[in-house]
Each structure stands twice: as structure tokens, then as C-alpha cells.
Amino acid sequence: DSFFADLEIPDPWRNLGVGSGTHATQTAEIMQRFEPALDEAKPDVLCVVGDVNSTIACALVAVKKGVPTAHVEAGLRSFDRTMPEEINRVLTDAISDTLYVTERSGMENLAREGVDPSRCFLTGNVMIDTLLRFREKARGSDVTARLGVEPRKYGVLTLHRPSNVDDPATLLPLIDALSTVAAECPLVFPAHPRTRRRLEDAGVDLARRPGFVVCEPLRYLDFLALMDRAKVLLTDSGGVQEEACVVGVPCLTLRENTEPPATAEAGVNRLVGSHPARVRDEALKAVRAAPAPTRTPDLWDGRASERIAAILLERYGRGMGGGKRA
């Protein structure tokens, strides 16, 4: 609800109401509930975004019913098939009619996979459209005052990937390494429910460790403001890596791979893996250093959605309007 409010998104025509569950349960439930909605809407084209379970679930339903499907944020690859998101990306790209790509590596990946280039369009990053549209509004947030941190004197930590948090043998040494960093530079940690449960199971209370500022997950505008004012970002999230490019805050990615390599090419993001000693050393180095010059990837200019809309109208526009909902 907070995302709909903060981003001024109209109420959805229909909420499928599918909650959490295993990947199989969630995907199947989305497909079952989406099919009658698709039959009722009779759309000219279905647009799916990103790499979550609803992306592949809705694409599968539409393609099997002969509805053209457009995939936004196509072509990204981590080349790590242990990530559920990677499976969703690859499969959705394989069955979609048109593919809208955020960065040049995505076009190269699709070409390597033999996708017809006439189906692929380099349009930029719609998530950056959102960031640029609401950045000024986010500057009115009092989140740093509420959390008791000073601009440019704290780091932001996000940690939720199963590879980092599910196994205590990985998570606990990583937390110990980050504790060394937090003692020198406070780390604001909006704790993901998955990570919070794993820490509780292990008997770890980060709120008692010096330098950690633990809070609930934040609204979009508050989190954007928090990133924008930070000294460093420590994350295993693909989205935070991309947003770091625009806010210009150094980002250390606690993973061995990344699906948006343009963030590293821009000079703002560095892959440091999850080995505790390396995470500690690289994070301390980033905390102590002056920010290096960065650049924004091509077409991350806030107009990706306009380019996508123009292509959709050009490609499907002759028939649009025949469906109950476009």
C-alpha cells in the first residue's frame, strides 16, 4: 500500500491476492487467478516487468492463450541458476513477443541466446524513471532525523539473498565482519523479514551491537532519501545497485555475480562477494575514502517508459482499443 501511495499509482483494476509460499505454490496460484482476469480483460498486449514469480506466471498464461507479451527489464543475466530470479528472467525472455532492455549487456546476452534482434529494444531503465521523478519529493523525508544518523556519516545495509542469509555458517561471520564496519560508521539496516527470522533463530540481536541502526523495511521515499544521503551502500539487491548509479553513492555488492554489470562499468558498484574478511576490508576502505567520480549508464535518463510506450503503440497500436482494457 505504501508503494501505491508514495509513487502515486492508481488503485489496481484487480488484486489477485496471492501471498507468500513456495515458488511452485506461488507461481501456480498466480497462474490460476490470473487466467480468468486475462479472459475478462481481453488485452491487446500483456506487459510484465522484472524477474519475480508473477512475471513468469502471467507470461506463461498469456503466451499459451495467444496474447502478445512484452517483457520490461529483459536480457539481464547473473549466470547463476541457483537464483530463482535468473530462471524467471531466462524463461520470460524466451517466450515473450518483445523485449525491453535496460543496458547494453542485456542486448548482448539476448543475441548470444539467439533471440531475434527485431524483438529486442534497448530502452533504458524504468526504475530509474521512478527514482528521478520522485527524488526531489524524497528530499523532504525526515528519515535520517528519525533514525538518528547524520547525512554522509552512515552506511545503508540490505541483506536478504538466500545464499547470504539462509545458512548460519555464512550469515553469522558476515554479520561479525559488518559489526567491525558499524563500529566505525553506523549502518542503517532495514531488516528484511527473512533475514530478521534467521538472526533471531541464531540468537543474534543486532540492535545490541554498537553502530547498527535496525529498523523495519522502509517506504520507497524514505529509503530513497536514506540512500541519497549515505556514505556507502552495502547490499545484495540488484535494484539498490542500479539506484546507486544515479544517487552517486559508492555501492559494495555482497555477491559473487550481478545481473546489471553496467553499474560496475559506471564506477559506482563493486562486487566484493560474501567472504567476511574481504567484505570488512572493502567496506572500511569505502568508508574512509572520498567518493570517486561516477557516470550514469546510457539511457538511464528518466525516459525509458516513454520509449517503451512508443514502441508498444507502434507495434500493437493498430489493434489497441479492441480489448476491454489496454
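Leu110 - would you say it is open to solvent by less than 70 Å² (accessible area, probe 1.4 Å), aliphatic (A, V, I, L, M) and in contact with a Leu (Cβ under 8 Å, 6 or more places away or on another chain)? Answer is yes for this residue.
Could you go through the stretch 264-271 and let me know if any residue there is at positive phi and open to solvent by 20 Å² or more (accessible area, probe 1.4 Å). Looking for residues that are at positive phi and open to solvent by 20 Å² or more (accessible area, probe 1.4 Å), one finds at least one in the stretch 264-271, hence yes.
Would you be able to say whether some residue in the stretch 29-39 is crowded, with 18+ Cβ neighbours inside 10 Å, of a type in the set (Phe, Trp, Tyr) and either outside any loop (DSSP other than H, G, I, E, B) or at pLDDT 95 or above (or both)? Scanning the stretch 29-39, I find at least one residue that is crowded, with 18+ Cβ neighbours inside 10 Å, of a type in the set (Phe, Trp, Tyr) and either outside any loop (DSSP other than H, G, I, E, B) or at pLDDT 95 or above (or both), so the answer is yes. Can you find even one residue in the stretch 291-305 that is at pLDDT 95 or above, surrounded by fewer than 18 Cβ atoms within 10 Å (Cβ to Cβ) and in contact with a strand residue (DSSP E or B) (Cβ under 6 Å, 6 or more places away or on another chain)? Checked the stretch 291-305: no residue is at pLDDT 95 or above, surrounded by fewer than 18 Cβ atoms within 10 Å (Cβ to Cβ) and in contact with a strand residue (DSSP E or B) (Cβ under 6 Å, 6 or more places away or on another chain).
Sub-9 Å Cβ pairs linking a first residue in the stretch 1-28 that is under 22 Å from Arg194 (Cβ atoms) to a second residue that is open to solvent by 100 Å² or more (accessible area, probe 1.4 Å) and modelled with pLDDT under 90, at least 6 apart or interchain, are Gln26/Ser20, ordered by first then second residue. Summed over the stretch 128-161, the residues that are outside any loop (DSSP other than H, G, I, E, B), surrounded by fewer than 22 Cβ atoms within 10 Å (Cβ to Cβ) and under 15 Å from the mean Cα position of the chain (by Cα) give a count of 2. Among the residues of the stretch 113-127, those identified as open to solvent by less than 30 Å² (accessible area, probe 1.4 Å) and either at pLDDT below 95 or assigned to a loop (DSSP other than H, G, I, E, B) (or both) are Val115, Thr123, Gly124, Asn125.
Screening the stretch 40-65 for residues that are under 23 Å from Glu29 (Cβ atoms) and either part of a loop (DSSP other than H, G, I, E, B) or of a type in the set (Phe, Trp, Tyr) (or both) and picking the one that is most open to solvent (accessible area, probe 1.4 Å) gives Lys42. Residue under question is Ser20, and the condition is that it be open to solvent by less than 80 Å² (accessible area, probe 1.4 Å) and not β-branched (Val, Ile, Thr); does it hold? For Ser20, the condition - open to solvent by less than 80 Å² (accessible area, probe 1.4 Å) and not β-branched (Val, Ile, Thr) - is not met. Across the stretch 242-257, the qualifying residues are those that are in contact with a Leu (Cβ under 7 Å, 6 or more places away or on another chain) and open to solvent by less than 20 Å² (accessible area, probe 1.4 Å), and the one among them that is farthest from Leu226 (Cα to Cα) is Arg255.
In the stretch 244-269, the residues that are under 16 Å from Arg161 (Cα atoms) and of a type in the set (S, T, N, Q) reach residues that are part of a strand (DSSP E or B) and open to solvent by 10 Å² or more (accessible area, probe 1.4 Å) with C-beta atoms within less than 8 angstrom, at least six apart or across chains, in these pairs: Thr253/Arg270; Thr253/Leu271; Asn257/Leu271; Thr258/Leu271. Of all residues in the stretch 204-231, those that are within 21 Å of Cys251 (Cα to Cα) and of a type in the set (Phe, Trp, Tyr) have Cβ atoms under 7 Å from Cβ atoms of residues that are buried (at least 18 other Cβ atoms within 10 Å of the Cβ) and at pLDDT below 95, 6 or more apart or on another chain, in Phe212/Leu206; Tyr220/Asp6. On the basis of being farther than 30 Å from Val72 by Cβ and of a type in the set (A, V, I, L, M), does Ile175 make the cut? Taking the combined requirement at face value, the residue satisfies it.
Arg278 meets the conditions (1) touching a strand residue (DSSP E or B) at 6+ places or on another chain (Cβ under 9 Å); (2) surrounded by fewer than 21 Cβ atoms within 10 Å (Cβ to Cβ) in every case but one. The failed one is (1). Among the residues of the stretch 164-198, those that are in contact with an Asp or Glu (Cβ under 8 Å, 6 or more places away or on another chain) and either touching a residue at least 40 places away in the same chain (Cβ under 8 Å) or open to solvent by less than 50 Å² (accessible area, probe 1.4 Å) (or both) comprise Asn164, Pro190, Ala191. Number of residues in the stretch 88-107 that are surrounded by fewer than 24 Cβ atoms within 10 Å (Cβ to Cβ), in contact (Cβ under 8 Å) with a residue 24 or more places away in the chain and part of a helix (DSSP H, G or I) equals 6.
The values are calculated or read from the model by the stated rules, or taken from the named source; none is laboratory data. Here the structure is a predicted model, which is why all the values come from computation and not from measurement. Here the Cβ is made from the backbone with ideal geometry for all residues, glycine too, and neighbour counts use every protein chain on show. For the accessible areas, the whole protein counts, side chains as well, though only heavy atoms, and no ligand, DNA or RNA atoms are used. Shrake-Rupley method; radii C 1.70, N 1.55, O 1.52, S 1.80 Å.
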